[in-house]
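The values are calculated or read from the model by the stated rules, or taken from the named source; none is laboratory data. Nothing here was measured: the structure is a model prediction, and the numbers come from that model. Calculation scope for accessible area: heavy atoms of the full protein, side chains included, ligands and nucleic acids excluded. Shrake-Rupley method; radii C 1.70, N 1.55, O 1.52, S 1.80 Å.
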Amino acid sequence: MNEKNQFVEAFKTKTKKFAIDALQLCDELPYNKNSTRIIANELGRSASSTGANYRAACRARFDKEFYAKLSITIEEADESGFWCEVLEEGCFTANSTETNRLKNEAIEITKVLAKARKNTTIK
C-alpha cells in the first residue's frame, strides 16, 4: 500500500472514531433538558456526517465529485467543533476534557481536509 492509500485509510479510521466518540459523548448528555437534547442531536448528526462524507469523498468518481464531498465533510467537521464549543462554553456537560478533545479533533480534521481541498484541481 502506498503512502497516499495509507493516509486515506488512516483518515477513514480517524473520522469514524471521531463520530463514535462524539456519539458516546452525546449519550452522556442529560436528555431531559431541551438544550442538551438539541445539542446532542446536532453534534451527533454533524460528527457522523463527517465520517460518512469522507468515505464518500474517497469513493468519488470525478474530481468535481471529490471536491463537493470533501467540502461537505469540512462543513460537518467545522459544525461539530461549533457544537463542542457550545457544550463547553455553555457548561452543558461535566465531561469538559472529552468535549475539549473532540473540539480539537474537529479543528484538526477541518484543517487537514481544507488543505486537501485547496490542493485539489478541478477540471
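Compactness check for region 62-123: Cα Rg over 2.2 N^0.38 Å is 1.35. Note: relative contact order over the chain, using C-alpha pairs below 8 Å and six or more positions apart, is 25 percent. The distance from the alpha carbon centre of region 79-94 to that of region 48-74 is 25 Å, rounded to a whole number. Using just the C-alpha positions of the chain as equal point scatterers, what log10 of I(q)/I(0) does the Debye formula give at each q in 0.09, 0.13, 0.19 1/Å? Once normalised to I(0) and log-transformed, intensities are -0.26, -0.51, -0.93.
Per atom type, the chain shows carbon and sulfur on 51% of its accessible surface, probed at 1.4 Å.
For the chain, what does the accessible surface come to per residue with a 1.4 Å probe? Please give it in Å².
61
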